Amino acid sequence: MKKTELHILSLPKISLISAFVLSLCLTGCDLFKMKTEEETDENPVVASVENNYLRKADLAFVTKETQTKEDSSNLAKRYIQSWVKKQLMIREASKNVTLSQAELDKKLLDYKYALIVYEFEKEYIENNLDKSITEDQIQQYYADNKDNFILKEIIVRSNFIKMDKDLPQNAQVERLLRLDSEESKQGLRELALKSASNYFLEDSTWIKFDEIIIHTPLAEHNNKVQLLSRNNKLIKVEDERFNYYFKILEYKLQDQVPPVEFVKDEISKIIINKRKVSLAEALQNNIYKRAQENNEFKIYE
């Protein structure tokens with residue numbers, strides 16, 4: 001049978017894959033060791049794969065937070081199944097992977113130190129990260145990186161109201177949507193609260209057009225660009241039961257640059273992530289510099 005090679009993941013990039021592989025390795029290295037001295041009626045074997053044994057006591061940490069005996073039993077059964085599968089995977093891998101004990105020890109050590117470094121960096125960043133972001137910082141990042149925010153879909157600022165066709169308030173809805181005063185906006189909101197089947201009146205908020213027209217007849221419209229481009233900003237469509245009113249205040253098409261308001265949250269996340277990277281790099285450089293000043297390492301040419 002063809003032998004395969006194990007590849008080490010790069011040390012700084014801890015992932016779920018690393019944790020899973022580490023779990024397999026630790027389990028295979030007698031994480032649940034043979035406990036011949038504990039072979040009592042109170043701690044019986046609940047599962048075994050060759051010379052590896054899982055005992056009742058090993059399940060205590062799995063079931064301690066459960067509320068009922070049924071929950072505890074179900075969780076224990078799932079854990080036992082998972083343990084058996086891991087043991088079988090390890091046994092099968094051992095037949096097909098060439099790996100000496102020295103190589104295995106080295107890989108386990110690499111994973112151990114990678115996990116320790118990851119937890120150390122995560123705690124350091126959490127304790128030192130500046131999470132405050134000013135409006136000026138968002139505006140500056142947006143101005144410097146506009147081309148990175150090209151739209152892939154149509155977005156709009158719009159008022160939307162869905163009304164039962166039998167209601168007499170339909171005429172009032174259409175009249176209020178055609179007006180543009182604070183009084184008309186307040187009247188529209190009050191009417192929507194009392195009579196509308198659904199509505200969206202956050203006219204300062206940019207939203208994906210497909211999200212606001214979903215479950216309306218406009219969802220099947222085959223030329224949304226033409227629909228938005230016409231001079232009449234008020235769009236009314238209907239089905240057998242409802243009238244749907246859309247007042248399009250502003251729109252941006254695909255391949256255009258969105259307004260900063262639409263990407264504000266995304267920019268905030270980008271700025272925070274950049275700060276995390278900078279903190280991690282600064283931490284590594286500071287530790288290196290300190291060790292260098294104290295002659296704590298040597299590099300041989």
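The values are calculated or read from the model by the stated rules, or taken from the named source; none is laboratory data. Keep in mind it's a predicted model, so treat the numbers as computed, not measured. Cβ placement follows ideal geometry from the backbone for every residue including glycine, while neighbour counts extend to all protein chains displayed. Remember, those area values only see protein heavy atoms, side chains included, never the ligands or the DNA or RNA. Shrake-Rupley method; radii C 1.70, N 1.55, O 1.52, S 1.80 Å.
Before moving on, here are some points about what is shown:
- GluC sites (Glu not before Pro) within the range 137-195, DSSP loop, no more than 15 other Cβ atoms inside 10 Å: E153
- For Cα extents along the principal axes in Å, calculated from these coordinates, the label among (1) 63, 46, 30; (2) 58, 39, 36; (3) 85, 60, 42: (3)
- Kyte-Doolittle mean at least 0.5, axial Cα span of 15 Å or more - DSSP H helices of the chain: 16-28
- At full extension, K185 and D203 could sit 5.5 nm farther apart than now, given 0.36 nm per residue minus the alpha carbon distance.
- Rounded to whole Hz, the Karplus (6.51, -1.76, 1.60) HN-Hα couplings of the range 239-247, x for glycine and proline: 10, 5, 10, 10, 9, 10, 10, 10, 10
- Carbon/sulfur fraction of accessible area - the chain, other protein chains in place, 1.4 Å, %: 50
- Couplings 3J(HN,Hα) of the range 198-206, computed from phi: 6, 6, 9, 10, 7, 6, 8, 9, 7 Hz, in residue order, whole Hz [Karplus 6.51 cos²θ - 1.76 cosθ + 1.60, θ = phi - 60°; x for Gly and Pro].
- Stretching N222 away from E135 to a fully extended chain increases their span by 27.5 nm, per 0.36 nm per residue minus the current alpha-carbon distance.
- Links that overshoot a 23 Å alpha carbon limit, given the list K162/K224; K131/K264; K131/K274; K86/K122; K162/K233; K162/K247: K86/K122
- The orientation-averaged projection of the convex hull spanning the C-alpha atoms of the range 236-295 amounts to 7.8 square nanometres.
- Å² of accessible area per residue within the range 181-259, as computed with a 1.4 Å probe and no ligands counted: 62
- Per residue solvent-accessible surface (Å²) - the range 112-171, probe of 1.4 Å: 65
- Cα-centre dipole for the chain with unit charges at Cβ (Lys and Arg positive, Asp and Glu negative), debye to 20: 580
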